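Here the structure is laid out as structure tokens; the discussion comes afterwards.
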There are 2 protein chains.
Amino acid sequence: MPTSFRLDPPSGVPFYRQIIDQILAAVATDALTAGDQLPTVRALAVELQVNLNTVAKAYKELEIRGVLNTRQGSGTYVSSVRVERDEVERRRQVIQLVDEFLARAAGSGLPLAEFLQEFSARMKEDPK
Amino acid sequence: MPTSFRLDPPSGVPFYRQIIDQILAAVATDALTAGDQLPTVRALAVELQVNLNTVAKAYKELEIRGVLNTRQGSGTYVSSVRVERDEVERRRQVIQLVDEFLARAAGSGLPLAEFLQEFSARMKEDPK
DNA sequence: ACTAATGATCTAATGAACTAGGACATAGGT
DNA sequence: ACCTATGTCCTAGTTCATTAGATCATTAGT
């Protein structure tokens, strides 16, 4: 159960969402695979110096999404969903895309169509 | 001062933002042009059955953006900014883009790059 | 100068999101 | 049967966005 989770308080991103993102990233990179048990809500709460319920909220949302599988009294485990890799990847890139858009849309004098074309080309060659 | 503004309470979109959007739309379509006086904050507040400050907040934000020009004691007027058309248009399209992305990203099995390419092509031919 | 109309400011009420504290319910081993 | 570890639920406090109420400051016409 390798847990190298860390929180970034001043980021403004809610703790429970940071937890969700890091778990999704771990699943996407196969650092966590189907069947793996996650830290207990209490253990992770202590490690992240956060309340038990904050961790529970993250686990709950991921269970609803089908990523995790919680068993009361036993623990929380990674589901055997297969599409997670693409899902997470797409999500991360969409967020990055939107970020850049909102940050640069005002500054660039380009019409939207050209702007999009640029973006598309850039991601096509470097879909990092 | 043609004011056919309406608010949509159940939409979840804050009143002041709906006001902002409708004014931007009016400016974009030339229903409001440079120099035109907008309804007074009190008049529009009455018309929309909303508090004076809600309208004032919308006007204030648009003044900061350079769209409007408020003169205490006199009124609020449309600025003579020339880029408004493109600005508003781009904003609307970006919002639409993001909307579609978030709505369809999960459903489409396409890699993001192809997805973007499609979008770009579509907007290029029909930049409605 | 005065006055009426206008936007600006200050304060408060409401609700939602986030986090935390404490108590409950369930699973699994002894 | 018990006991411990687990997730779940209920409640409360804090912060922030939104809206409103009331008052102040400024403009423009008389």
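The values are calculated or read from the model by the stated rules, or taken from the named source; none is laboratory data. Being a predicted model, the structure only gives us computed values, none of them experimental. Don't worry about glycine lacking a Cβ; one is built from the backbone with ideal geometry, like all the others, and counts go over all protein chains shown. Each accessible area value is taken on the protein alone, full model and side chains, heavy atoms only, with ligands, DNA and RNA left out. Shrake-Rupley method; radii C 1.70, N 1.55, O 1.52, S 1.80 Å.
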Exercise for the section: Using the 7 Å Cα-to-Cβ label point, sort the distances from A:E63 to its equivalents in the other copies shortest first and give them in nm to one decimal. Expected result: 5.2
Practice task
Can you pull the one-decimal nm distance between simple spin-label points at A:S74 and B:R65, each 7 Å off the Cα toward Cβ?
Solution key: 5.3 nm
Exercise for the section: Heads up, I need the accessible area for A:S79: 1.4 angstrom probe, whole protein in place, Å², nearest 10. Expected result: 20 Å²
Completion exercise
Taking Cα pairs closer than 8 Å and at least 6 residues apart, the relative contact order of the stretch A:9-78 in percent is 34 percent
Handout entry: For A:S4, inter-copy label distances in nm, listed shortest first [label point 7 Å out on the Cα-Cβ vector]
Key = 6.1
Fill in the blank from the handout: Sorting from shortest, the nanometre distances separating the label point of A:A34 (7 Å past Cα along the line to Cβ) from those of the same residue in the other copies are 6.4
Exercise for the section: Evaluate the charge dipole of the stretch A:9-78 about its Cα centre and quote only its size in Debye, nearest 20, assuming +1 on the Cβ of each Lys and Arg and -1 on the Cβ of each Asp and Glu. Expected result: 240 debye
